Amino acid sequence: MTAGNKRFQAVKGTRDLLPLETAVWAAVENVARRVFGLYGFGEIRTPIFEETELFARGVGESSDIVSKEMYSFVDRGGRNLTLRPENTASVVRAYVQHGMHALPQPVKLFYIGPQFRAENVQKGRYRQFHQIGAEWIGAGGTRADVEVIEMLWRFFVELGFADLTVRINTVGDRASRSRFRKELVSYLRPKILELSEDSQRRLLTNPLRILDSKDSRDHAALLGAPDLSDCMSEESVLFFNDVCGQLQNRGIHFVISPKLVRGLDYYTNTVFEIVSEGLGSQNAICGGGAYEGLVEELGGQPTYGVGFAIGEDRLIEVLPEATRAAMTPRGPVLLRALGSSIEVLAATAALAEELRAVGIPALDLGEETPQRTFAHADHRSSPAILILGEDELKTHCVTVRTTADRKQVTVDRSELVAMLSPPFGGAAGKREP
Ligand code: AMP
């Protein structure tokens, strides 16, 4: 191919979201904004890139993300920067930077935006993907964990999900975790050659992560391994029991998953995940947990934190059909001028403006052929085509062809808005569920 005619493609692992799809994304994000707002969370927008060291410290050097998935670069000023692979570290950085510890606690923040990881691309796994997440920072305790999970649950219920499972576990406080880490390493060290290549590496860097592996060789090696729960401090056990009890009281369905540890280094005590059966091996649509050391790690005072991140790409892939349909906007009403007289064209444009003024989306096609008007109507799912010619002008009428029944009627202009208003095709004809 010569230099002049190269056809560019979106980079592997990235994609364009086109209008019908973005409308669904925006509607899902609005549900998040509304539901999180109900719990007093405010939106934060952090930069797309940060100092590399923020993620190395905040996510953990030994995590898969930092060790092999970051998009890092040196900028023109010689700074080491990274496209954010997740948002919690940035939110906590902002909490510390803006002295939010001085505000009444907790500080409740949510975010919506793209994240970047150089992962193997497969169904449901991209290199630029999107997360909707929230962080409760300060004034922690079991109530914080429970409320965050409850908010998440409400969000999914409002999206019409019925088949989701909350998996929950505790990884214990820092002391319990390091006790367990030692025991697990001494159990697995003699079996190192039986582990998958990834887990052989993890044994040295992040052994807890082996529990989370999907590789059957690792499952076999783990049979008979020490149990995280045996290394748990009494406080951690009581804390976890309290969280589970409160969830039960609030009617949230969950299962305890003793092998759930989550990949990031900063979690302590409660960790959770929401899975959907529809997604196969990439079935997690949301992960979260509490973190006690992170604020301190990033330069603040020791502060409680708990949060989650929902994978928006996957969430939208498994959105219930009825929700998706309700979120897909109707197309605009089409207007076609019969003939090219200036009066008719001007009247058509003016009618389109009148409709928009009352919230009815209208697309003025000018003097378009019937065939191409029908093609537009098909492509845009338009509820109706309005036709205006000399006769209609004289009689103050409009000819309306409704798409659903393909019938054509001529109506007085004064009846038009009522005819096109919801539920027929007006802007308010479709609502969030
Ligand atoms: P994590 O930040 O790894 O806890 O991931 C939280 C959620 O983000 C996961 O449950 C996924 O739904 C989603 N996610 C993580 N990585 C990707 C990716 N590469 N592509 C699409 N979604 C992802």
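The values are calculated or read from the model by the stated rules, or taken from the named source; none is laboratory data. Since we're looking at a predicted model, the values are computed, not measured. We place every Cβ from the backbone using ideal geometry, glycine too, and count neighbours over all the protein chains shown. Protein only, heavy atoms only, side chains kept; ligands, DNA and RNA dropped before computing areas. Shrake-Rupley method; radii C 1.70, N 1.55, O 1.52, S 1.80 Å.
Computed values, structure above
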quantity	calculated
Packing-based order for 344-350, 408-414, 88-94, using average beta carbon neighbours within 10 Å, highest first	88-94, 344-350, 408-414
Segment ARG125-GLU158, length gained on full extension (0.36 nm per residue, minus Cα span)	9.4 nm
For GLU368, residues with placed amide H under 5 Å, excluding near neighbours	ALA337
In Hz, Karplus ³J(HN,Hα) per residue of segment 362-378 (6.51, -1.76, 1.60; θ = phi - 60°; x = Gly, Pro)	9, 10, 8, 8, x, 8, 10, 6, x, 4, 5, 5, 5, 4, 4, 4, 5
In Hz, Karplus ³J(HN,Hα) per residue of segment 380-391 (6.51, -1.76, 1.60; θ = phi - 60°; x = Gly, Pro)	9, 6, 6, x, 7, 10, 9, 10, 10, x, 4, 4
Selection of trypsin sites (Lys or Arg not before Pro), segment 208-303, meeting DSSP coil and at most 14 other Cβ within 10 Å	LYS214, ARG250
Size of charge dipole - the chain - debye, nearest 20, with Cβ of Lys, Arg +1 and Asp, Glu -1, no other charges	740
Probe 1.4 Å, accessible area per residue of the chain, Å²	49
Binned Cα-Cα distance frequencies in the chain - 10 Å width, integer %	4, 18, 24, 20, 14, 10, 7, 3, 1, 0
Share of carbon and sulfur in the accessible heavy-atom surface of the chain [1.4 Å probe, %]	53
Relative contact order computed over the chain (Cα-Cα under 8 Å; 6+ residues apart), in percent	15
Ranked by how many other beta carbons lie within 10 Å on average, peptides 329-337, 142-150, 313-321 from highest	329-337, 142-150, 313-321
Relative contact order for segment 85-161, counting Cα pairs under 8 Å that sit 6 or more residues apart, in percent	28
Amide H contacts of THR165 (H built 1.01 Å from N, under 5 Å, at least 5 apart or other chain)	VAL275
Long-range amide H partners of LEU363 with built H, under 5 Å	VAL333, LEU334, LEU335
